[in-house]
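One structure below.
Readers should treat all values here as calculations from the given coordinates under stated rules, not as data from a laboratory. For clarity, every value in this text was computed on a predicted model and none was experimentally measured. Reconstructed Cβ throughout: ideal geometry from the backbone, glycine too, with neighbour counts over all protein chains shown.
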Amino acid sequence: MNLYNKTLIVTGVASGIGAELARLARFQGATVIGVDRHEPQLTLDGFFQADLGDPVSIDALVARLPARVHGLCNIAGVPGTAPVHAVATVNYLGLRHLTQSLL
């Protein structure tokens, strides 16, 4: 896989699948910009702290992201055991808002 000269936005980058995806994408040559509520413990090309359950936070994030992005990896999410409102707000509405804002 060749990701050289490609810019990826990875949500949920502070841990788990998001962190591993970011690490592998950078290894493959991508410029990786991470998004999370928490500061990641890995090297990234950029990082923005944002709450994907808050539309105002998402709008502020989008205003700071680069104009040209080649891919969005929506990895962030809360577990299904969380309150249903939190699950719907982050896992569906927030990620949808971010995606639509970048189109």
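Mind running the shape call on the stretch 7-102? Use the C-alpha gyration tensor, a ≥ b ≥ c as the square roots of the eigenvalues: rounded below 1.5 for a/c, prolate if a/b tops b/c, oblate otherwise.
Details: a/c = 1.97, a/b = 1.34, b/c = 1.47.
The shape class here is oblate.
The local environment of residue 66, defined by Cβ-Cβ distances under 15 Å, has a net charge of +2 under the rule Lys, Arg +1 and Asp, Glu -1. Taking each DSSP H run with n ≥ 4 as -39500 (n - 2.57) and averaging over every residue of the chain yields -9000 deg cm²/dmol at 222 nm. Only Cα pairs within less than 10 Å get springs; with that Gaussian network setup on the chain, which residue of 53, 29, 18 has the largest fluctuation? Of the options given, 29 has the highest mean-square fluctuation.
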